[in-house]
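In what follows, a structure is listed as structure tokens, so that the remarks can point back to it.
Since every read-out is calculated from the coordinates, none of them should be taken as a lab result. Source: prediction; values computed, not measured. Reconstructed Cβ throughout: ideal geometry from the backbone, glycine too, with neighbour counts over all protein chains shown.
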Amino acid sequence: MKSKVIALLELAASFRQIGLNLIRVAILIVFVWIGGLKFKYYEADGIVPFVANSPFMSFFYAKEAPEYKQYKNKEGELVLKNRQWHEANRTYVFSYGLGCLIMSIGILVFLGMFSPKIGIVGELLCIIMTIGTLSFLVTTPECWVPDLGSGEHGFPLLSGAGRLVIKDTVILAGAITLLSDTASRLLKQLKK
């Protein structure tokens with residue numbers, strides 16, 4: 001029995017590199033997909049509360065929070081006056097730039113599979129970006145269920161926006177794990 005357990009543990013231990021590479025592939029898929037969506041109006045409109053309320057990012061927009069609340073479009077909805085407001089706010093220009101950045105980070109992390117020097121840059125950027133995203137839990141009121149009379153509102157009750165943000169804890173953990181692996185690979189190269 002003990003030998004079977006040891007054999008299973010040895011098999012599981014042999015998956016380490018496969019797991020690390022799957023984290024790189026997962027980050028690539030998520031970042032390229034989400035980054036690509038930043039070129040769509042509904043996604044650009046959707047990030048406005050996060051950016052407008054962030055003390056680190058709000059300067060990218062022409063309008064100040066909470067003005068955006070009166071110009072929200074539902075996903076897939078077209079209200080021309082809202083679209084015009086977003087154009088004047090620089091919502092779409094910012095979203096396009098952010099999309100390019102996110103996709104680039106995903107690609108750099110993925111390339112870490114082949115080049116630790118490229119990978120470490122992507123992993124550091126991924127860590128910085130996910131910490132920035134997680135800061136929205138503090139700065140964005142829309143991350144928490146609003147008080148609409150049910151008695152269920154505020155912390156720790158995440159809204160849809162909050163649930164979207166909290167998932168970055170997993171990406172952060174993955175990026176830190178990859179950074180550790182990449183740093184180890186680079187150290188081995190330097191010690192040769």
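Quote the FRET efficiency, to the nearest 0.05, computed for Ala183 versus Ala88 with a Förster distance R0 of 41 Å and r equal to the Cβ-Cβ distance.
Numbers: r = 45 Å, r/R0 = 1.09.
Result of the calculation: an efficiency of 0.35.
Kindly identify the range 53-152 as rounded, prolate or oblate by the Cα gyration tensor criterion: order the square roots of the eigenvalues as a ≥ b ≥ c, call it rounded if a/c is under 1.5, otherwise compare a/b with b/c, prolate if a/b is larger, else oblate.
On the way: a/c = 2.51, a/b = 1.66, b/c = 1.51.
It is prolate, given that a/c is not under 1.5 and a/b is the larger ratio.
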>> I need the helices of the chain that pass two filters: whole DSSP H segments spanning 20 Å or more by Cα along the axis, and mean Kyte-Doolittle score no lower than -0.5.
In response: 16-37, 91-111, 116-134, 168-191
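Can you work out the FRET efficiency for the pair Glu64 and Thr169, with r the C-beta to C-beta distance and R0 = 41 Å, to the nearest 0.05?
Given R0 = 41 Å and the Cβ-Cβ separation, E is 0.90.
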> Want the number for Gln17 to Phe155: 0.36 nm per residue separation, take away the alpha-carbon distance, what's left?
Replying inline: 45.9 nm
>> Place a point 7 Å from the Cα of Lys72 along the Cα-to-Cβ direction; which residues of the range 24-50 have their backbone N under 18 Å from it?
In response: 41-50
>> At a threshold of 8 angstrom on Cα-Cα distance, excluding pairs fewer than six apart, so keeping six or more, what relative contact order does the range 20-191 reach in percent?
In response: 25
> So which of Lys38/Lys167; Lys63/Lys167; Lys167/Lys188 end up more than 23 Å apart, counting from Cα to Cα?
Replying inline: Lys63/Lys167; Lys167/Lys188
>> What's the longest uninterrupted piece of the chain once you rule out the GluC sites (Glu not before Pro) that are loop residues per DSSP with at most 14 other Cβ within 10 Å?
In response: 78-151
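Sum up the charges of everything whose Cβ sits under 15 Å from the Cβ of Phe31, counting Lys and Arg as +1 and Asp and Glu as -1, but leave Phe31 out. Mind showing how you got there, number by number?
Numbers: positive: Arg24, Lys38, Lys167; negative: Glu43, Glu123, Asp168.
So the surrounding residues net to 0.
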> Using Cα-only point scatterers and the Debye equation, what is log10 of I(q)/I(0) for the chain at each q in 0.17, 0.19 Å⁻¹, rounded to two decimals?
Replying inline: -1.11, -1.26
